[in-house]
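Reading through the structure tokens given below for one structure.
The values are calculated or read from the model by the stated rules, or taken from the named source; none is laboratory data. Quick caveat: nothing in here was measured; it's all calculated off a predicted structure. We place every Cβ from the backbone using ideal geometry, glycine too, and count neighbours over all the protein chains shown.
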Amino acid sequence: MENSKQMRTWLDDMKLDHPLVIAGPCSAETEEQVLKIAHELKDTDVNYFRAGIWKPRTRPGNFEGVGALGLKWLQKVKEETGLKTCTEVANAAHVKLALEYDVDLLWIGARSTVSPFIMQEIADALEGTDKIVLVKNPINPDLSLWLGGIERLYTAGIKNLGAIHRGFSTYEKTKYRNIPEWQLAIEFQNKFPDLPLISDPSHITGNREMIFDVSQTALDLNFDGLMIETHYDPENAWSDAAQQVTPEKLVQIMRDLKIRKESDPEAEYNSELTNLRAQIDVIDGQLIEMLGKRMKISDSIGGLKKQKNVAVLQSNRWNQILGAMILEGESKGLSEEFILKMFKAIHQESINHQEKIING
């Protein structure tokens, strides 16, 4: 994978005037459902119609897909609408069936990417194919594991490759279903800038109301496209109902997104500036998230001090923190003056929180 430009040709050849768009239901439920959604998407910006055929769930007992029967429905989608089709494959048997039914694009899910054994099995089954194969990031934030999966496919002679960023699992409850960890995706781009990278805001957010914002962030960070789960009746979808949008909503999202093109030096400058600002926005969001967590701990300390009748201000502890942070800041190129101002402000906010607890 030293020359990733070899793997970019499938996207270059499409010559799109908008980001690549992959859309369709989380799960193929019935033939009628699949065809109805496809017909509603055929005259939009959608390039590939997606539908999950095999849907292994975290816990048994939920709907786990219609299986190979759904591949016939995807064939009908292509025949009736002209849309290219795609689905997830999780093992060699899935690959064999998907190729038999001429599915145009295959993606490998996060639970498969996490296992080198599974990735090798899939790579062997796909060896030499000219189909487009996209690899979702593993469920844990491990860049080497993600790249390793792609490299196994490349070694098997698969040149039409790309990646999907769908966020990462965390034990903490956040506003996201899977936290984006944008910095890891940025590092992925830096390593392989010419490998197509698609955002999956549906799985990142788990919430249709957040899909636009995450999509815009992805485009600001120069992602190549979006995979958005779409259903004509999302509230009653058989899986992941909360994160699917209607075809009408998808059209509106694509209309409202600010898409920055590089057609001249000024546009290139603006695009690069937007990308860098988007990276700052991501980090600023992480700073606020971490400060919020810090103040919750301060609240707990305030409660403990109240129980033991201990003073809020502990000078020795404060001086220890400040000294350590000045040294740490200097190692990161931050001035002592800046560290003092920042941590004094944080310390004062912490004191305010604790005083509210004690006085309350």
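A few points about this structure:
- Complete set of residues in region 161-187 that are at pLDDT below 95, within 16 Å of Ser215 (Cα to Cα) and among the β-branched types (Val, Ile, Thr): Ile179, Ile186
- Per-region count, region 228-258, residues outside any loop (DSSP other than H, G, I, E, B) and in contact with a helix residue (DSSP H, G or I) (Cβ under 7 Å, 6 or more places away or on another chain): 12
- The residues in region 162-176 that are among the basic types (Lys, Arg) and crowded, with 19+ Cβ neighbours inside 10 Å can be counted, and the count is 1.
- From the list Thr9, Thr87, Thr81, the lone residue that is modelled with pLDDT under 95, hydroxyl-bearing (Ser, Thr, Tyr) and either at negative phi or touching a strand residue (DSSP E or B) at 6+ places or on another chain (Cβ under 9 Å) (or both) is Thr9.
- Hey, Arg166 in contact with a His (Cβ under 8 Å, 6 or more places away or on another chain), assigned by TED's automatic domain parsing to the domain that holds Tyr101 and either more than 23 Å from Gly225 (Cα to Cα) or not hydrophobic (A, V, I, L, M, F, W, C) (or both) or not: yes
- Boolean, Ile358 is in a helix (DSSP H, G or I), at pLDDT 90 or above and hydrophobic (A, V, I, L, M, F, W, C): no
- Residue within region 201-209 that is among the hydrophobic types (A, V, I, L, M, F, W, C), within 19 Å of Trp182 (Cα to Cα) and within 21 Å of the chain's Cα centre (by Cα) present: yes
- Test: Gln354 is over 33 Å from the mean Cα position of the chain (by Cα) and either small (Gly, Ala, Ser) or surrounded by 15 or more Cβ atoms within 10 Å (Cβ to Cβ) (or both): yes
- Filter result for Ala218 (in a helix (DSSP H, G or I), crowded, with 17+ Cβ neighbours inside 10 Å and not assigned by TED's automatic domain parsing to the domain that holds Glu32): no
- Residues in region 297-313 that are surrounded by 10 or more Cβ atoms within 10 Å (Cβ to Cβ), without any contact (Cβ under 8 Å) to a residue 12 or more places away in the chain and in a helix (DSSP H, G or I): Ile297, Ser300, Leu304.
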